Amino acid sequence: MKLIAGLIVALVAGICFSYSYVGQHLVAANLERFDLRRPFVNLRQLVTNFRWMVAWLSGWVGWGFYILALALAPLSLVQAITAGGIGMLALGSHFFVTPLRVLERRAAYVATAGLVLVATSVRAHGQSHPVSLHALEFTVITGLGIALLCVLVSRRIGLAIASGICYGVGDVATKGAFSGVPILIVFVIAAYVAGFATLQFAFQRSSLLVSGGLSFLFSNVIPLACGVLLFGERPQGTAATVLRYSGFVVVILGAVAISTTAGSKESS
């Protein structure tokens, strides 16, 4: 019952995150171009906009639900459920921004199907095991370094990927912090601040499904992988293993398909 409650809470978190992505993009994409040399001017443009604040606060509400979900269920399962939010993100874009093409709708269905596969394996989950502080520190620092390289390589797609990486390692650090390593809160703050900044710049340089889609993808893939590789959250039994990992792959493929089809439409 505790596990099921955790996954329901994770789904609520995914809905909040999706609404936050859609709302923030709607505002940020139409503001005056951000300038790295004027961070406070950029921030003032955002915080003085009511619609952006509502969307941003929705993300914080989602983060609160996410923390609660982590206390009730393993990281990899929680992340798989919230990853289903990429489908919700696509639907949000469909209803509030630009109607989706057939391929984009199908990609959203694929991501949702992956979510269903993961859900069918939840009763055969293994328990998390403690992770050393050094392993978590290495994961976060390496992730932030890769995010910086992405920004240097591409100011458009790179910003979106970098934001996802930052949020992803931030989620891993959050799991570690609430598992008995409170010093990781410092890394949580650093990762989320970097993720926030790069995402706002990404919103101004590409469509919702490219910026939000790529960010959502990497912010979920990283905790999924770390849940299995670092925390040892492996399902028990052959059938559950096949369903769980198939679900992970299908969710990721759906997310990539959404971003790819949106990107091809944007460049045409």
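The values are calculated or read from the model by the stated rules, or taken from the named source; none is laboratory data. On a predicted model such as this, the values are computed, not experimentally measured, just so you know. Because the Cβ atoms are built from the backbone with ideal geometry, glycine has one as well, and the counts that use them run over all protein chains shown.
List pairs: first in the range 223-248 and part of a helix (DSSP H, G or I), second acidic (Asp, Glu) and surrounded by 14 or more Cβ atoms within 10 Å (Cβ to Cβ), Cβ under 7 Å, 6+ apart or cross-chain?
Final answer for the pair search is Pro223/Asp171; Gly227/Glu233.
Residues to consider are Phe231, Phe218, Phe203; find the one that is at pLDDT 85 or above, buried (at least 19 other Cβ atoms within 10 Å of the Cβ) and in contact with a His (Cβ under 8 Å, 6 or more places away or on another chain).
When all the criteria are applied, what remains is Phe203.
Could you tell me which of the residues Ala13, Ala71 is touching a residue at least 40 places away in the same chain (Cβ under 8 Å), part of a helix (DSSP H, G or I), surrounded by 22 or more Cβ atoms within 10 Å (Cβ to Cβ) and aliphatic (A, V, I, L, M)?
Answer to the selection: Ala13.
Which number in (1) at pLDDT 85 or above; (2) surrounded by 14 or more Cβ atoms within 10 Å (Cβ to Cβ); (3) more than 14 Å from Phe203 (Cβ to Cβ) marks the one condition that Val27 misses?
(3)
Go through (1) among the hydrophobic types (A, V, I, L, M, F, W, C); (2) touching a Ser or Thr at 6+ places or on another chain (Cβ under 8 Å); (3) without any contact (Cβ under 8 Å) to a residue 24 or more places away in the chain and name the single condition Ile189 misses.
Failed condition: (2).
Hey, could you check the range 207-226 for residues that are touching a Leu at 6+ places or on another chain (Cβ under 8 Å) and small (Gly, Ala, Ser) and say which is nearest to Ser76 (Cα to Cα)?
Ser215
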